Amino acid sequence: MVRFGPSGNSDLFYEEGYKESEQAPQWLASLGLSAYEYSFTLGRFITDEKSSKIKSEAEKQNIQISVHAPYYINFCNDSEKSKENNEKFLLNSLLGLKKLGGKTCVVHMGSQMKNERSVAFKNLESGLKSFLDIYYKNNLDGLFIAPETMGKFSYIGTVDEILEISSWDKNIIPCFDFGHINCITQGALKTKQDFLDIFNKTTDKIGFEKTNNCHIHFSKIKYGEKGEIEHLTFDDKIYGPNFEPFIESLIELKINPVVICESRGTQATDALIMKNYYDKLK
């Protein structure tokens, strides 16, 4: 089944009087949603007590948990200090994911900084493959590391780069942020075929199983010549991508990813809009 849900807690969650993330699974289930992405993006990790409460509620309400690792990770930086931080932040994110009973940890791979892109990518490959030794030593086999497509040209994270990274290990799967992809292609995601092309390329490169299990972020995003500027809501009529052709591509291919909505403040209601459209067509 395709699961839909929000990244974090939407404005409506708080407007309706809810305050704590452990209340989110029940609230999301009451809307008809079945996924929830918890954010470690600012480097603040979850307590055992809180994670236990969220896990218990998520299991009770059939909510699939994912997490987003801290923004501070940059595998393209080969300094010893950066390598130490990368390993610490990603390991803690995966351990936090395990405590939450989740499956997927989304990661930004990093910025190329002043390096040539090929050098930055080589640093990334060395750093991430080194981290995989730590991953397996900590008995994390079966938890997915999901490198994310990025919305700025200065970051590693084109579709082709993410597919290459996803080929390095059985537990690395792509996180396609279609808002980001739309930014760096300057608005090219318009038709069902545009989405099908990405999914078909994925199947060709890393196989159907990883395509079927891929993680997705979806939102409309304002962009400029350097790429991403800010996240928008589905009410925006200027920037894309529109969700309808994306949903239609999922139905045609019969794939079952987790779809996380990152709309600005309306992520739960916009996730529900996508789910309702999917249910209408399937």
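The values are calculated or read from the model by the stated rules, or taken from the named source; none is laboratory data. What you see is a predicted model, and the numbers here were worked out from it, not measured in a lab. Methodologically, a virtual Cβ is constructed for each residue, glycine included, from the backbone with ideal geometry; neighbour enumeration extends over all protein chains shown.
Taking the residues in the stretch 171-201 that are assigned to a helix (DSSP H, G or I) and basic (Lys, Arg) as candidates, determine which candidate is surrounded by the most Cβ atoms within 10 Å (Cβ to Cβ). Step through it out loud before you land on a result.
Taking the stretch 171-201 first, the residues assigned to a helix (DSSP H, G or I) are 178-184, 192-201.
From what's left, basic (Lys, Arg): 192, 201.
Numbers: Lys192: 16, Lys201: 14.
So the residue we want is Lys192.
So which residues in the stretch 27-39 are surrounded by 15 or more Cβ atoms within 10 Å (Cβ to Cβ) and in a helix (DSSP H, G or I), if there are any at all?
Scanning the stretch 27-39 gives Trp27, Leu28, Ala29, Leu31.
For the stretch 257-272, give me each residue that is in a loop (DSSP other than H, G, I, E, B) and more than 16 Å from the chain's Cα centre (by Cα).
If the condition is that a residue be in a loop (DSSP other than H, G, I, E, B) and more than 16 Å from the chain's Cα centre (by Cα), then Gly265, Thr266 are the ones that fit.
State all residues of the stretch 152-170 that are in a loop (DSSP other than H, G, I, E, B) and either under 24 Å from Asn242 (Cα atoms) or not polar (S, T, N, Q) (or both); if no residue qualifies, say none.
Residues of the stretch 152-170 in a loop (DSSP other than H, G, I, E, B): 153-154, 156-158, 167-170.
Scanning the stretch 152-170 gives Phe153, Ile156, Gly157, Thr158, Trp168, Asp169, Lys170.
Here is a check on your reading of the model: is Thr233 of a type in the set (S, T, N, Q) and either at pLDDT below 95 or over 24 Å from Lys201 (Cβ atoms) (or both)?
Numbers: of a type in the set (S, T, N, Q): yes; either at pLDDT below 95 or over 24 Å from Lys201 (Cβ atoms) (or both): yes.
Against the criterion (of a type in the set (S, T, N, Q) and either at pLDDT below 95 or over 24 Å from Lys201 (Cβ atoms) (or both)), Thr233 qualifies.
One residue is enough: does the stretch 64-75 have a residue meeting the conditions farther than 21 Å from Gly8 by Cα and at pLDDT 95 or above?
Of all residues in the stretch 64-75, those farther than 21 Å from Gly8 by Cα come to 74-75.
This time we only want the ones that are at pLDDT 95 or above, so: 74-75.
Looking through the stretch 64-75, at least one residue is farther than 21 Å from Gly8 by Cα and at pLDDT 95 or above.
I'd like the residue in the stretch 115-156 that is β-branched (Val, Ile, Thr) and crowded, with 22+ Cβ neighbours inside 10 Å and, out of all such residues, is nearest to Lys88 (Cα to Cα). Give the steps one after another, and end with the answer.
Of all residues in the stretch 115-156, those β-branched (Val, Ile, Thr) come to 119, 134, 145, 149, 156.
Imposing the further condition that a residue be crowded, with 22+ Cβ neighbours inside 10 Å reduces the set to 145, 149, 156.
Working: Ile145: 14, Thr149: 22, Ile156: 20 Å.
Step by step, filter the stretch 115-156, then rank; the result is Ile145.
Only one residue in Glu262, Glu230, Glu209, Glu248 is exposed (fewer than 15 other Cβ atoms within 10 Å of the Cβ) and in contact (Cβ under 8 Å) with a residue 24 or more places away in the chain. Which one? Reasoning before the result, please.
Working: Glu262 fails: exposed (fewer than 15 other Cβ atoms within 10 Å of the Cβ); Glu209 fails: in contact (Cβ under 8 Å) with a residue 24 or more places away in the chain; Glu248 fails: exposed (fewer than 15 other Cβ atoms within 10 Å of the Cβ).
One residue alone meets the criteria, Glu230.
Looking at the stretch 195-233, which of its residues are closer than 16 Å to Thr185 by Cα and of a type in the set (Val, Ile, Thr)?
Matches in the stretch 195-233: Ile198, Ile221, Ile229.
For (1) in contact with an Asp or Glu (Cβ under 9 Å, 6 or more places away or on another chain); (2) hydrophobic (A, V, I, L, M, F, W, C); (3) closer than 22 Å to Glu148 by Cβ; (4) part of a helix (DSSP H, G or I), each residue gets a yes or a no:
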residue: Tyr14; (1), (2), (3), (4): no, no, no, yes
residue: Phe45; (1), (2), (3), (4): no, yes, yes, no
residue: Leu90; (1), (2), (3), (4): no, yes, yes, yes
residue: Leu94; (1), (2), (3), (4): no, yes, yes, yes
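Testing Cys76 on (1) in a helix (DSSP H, G or I); (2) in contact (Cβ under 8 Å) with a residue 60 or more places away in the chain; (3) under 24 Å from Ile134 (Cα atoms); (4) not small (Gly, Ala, Ser), one condition comes back false. Which one is that?
Single failed check for Cys76: (1).
In the stretch 137-149, how many residues are out of contact with any Leu (no Cβ under 6 Å at 6 or more places or on another chain), assigned to a loop (DSSP other than H, G, I, E, B) and over 18 Å from Ser167 (Cβ atoms)? Let's see the steps before the verdict.
Applying the first criterion (out of contact with any Leu (no Cβ under 6 Å at 6 or more places or on another chain)) to the stretch 137-149 yields 137-139, 141-142, 144-149.
Adding the requirement that they be assigned to a loop (DSSP other than H, G, I, E, B) leaves 138-139, 141-142, 149.
Then keep just the ones that are over 18 Å from Ser167 (Cβ atoms); that gives 138-139, 142.
Qualifying residue count for the region: 3.
Among the residues of the stretch 80-88, are any under 24 Å from Thr47 (Cβ atoms) and without any contact (Cβ under 8 Å) to a residue 12 or more places away in the chain?
As a first pass, look at the stretch 80-88 and keep what is under 24 Å from Thr47 (Cβ atoms): 84-88.
Checking which are without any contact (Cβ under 8 Å) to a residue 12 or more places away in the chain leaves us with 84, 88.
The answer is yes; a qualifying residue exists.
Look through the stretch 40-95, keep the residues that are of a type in the set (Ser, Thr, Tyr) and over 19 Å from the mean Cα position of the chain (by Cα), and return whichever of them is surrounded by the most Cβ atoms within 10 Å (Cβ to Cβ).
Of all residues in the stretch 40-95, those of a type in the set (Ser, Thr, Tyr) come to 41, 47, 51-52, 56, 66, 71-72, 79, 82, 93.
Cutting the leftovers down to over 19 Å from the mean Cα position of the chain (by Cα) gives us 47, 51-52, 56, 79, 82.
Numbers: Thr47: 10, Ser51: 23, Ser52: 15, Ser56: 13, Ser79: 10, Ser82: 18.
Taking the candidates together, the pick is Ser51.
Here are some conditions: (1) under 16 Å from Asp197 (Cα atoms); (2) in a loop (DSSP other than H, G, I, E, B); (3) in contact with a strand residue (DSSP E or B) (Cβ under 9 Å, 6 or more places away or on another chain); (4) of a type in the set (A, V, I, L, M, F, W, C). Ile216 meets all but one. Which one does it not meet?
Against the list (1) under 16 Å from Asp197 (Cα atoms); (2) in a loop (DSSP other than H, G, I, E, B); (3) in contact with a strand residue (DSSP E or B) (Cβ under 9 Å, 6 or more places away or on another chain); (4) of a type in the set (A, V, I, L, M, F, W, C), Ile216 comes up short only on (2).
Looking at Asp204, Asp236, which one is more than 13 Å from Thr149 (Cβ to Cβ), surrounded by 14 or more Cβ atoms within 10 Å (Cβ to Cβ) and without any contact (Cβ under 8 Å) to a residue 40 or more places away in the chain?
Working: Asp204 fails: surrounded by 14 or more Cβ atoms within 10 Å (Cβ to Cβ).
On inspection, the qualifying residue turns out to be Asp236.
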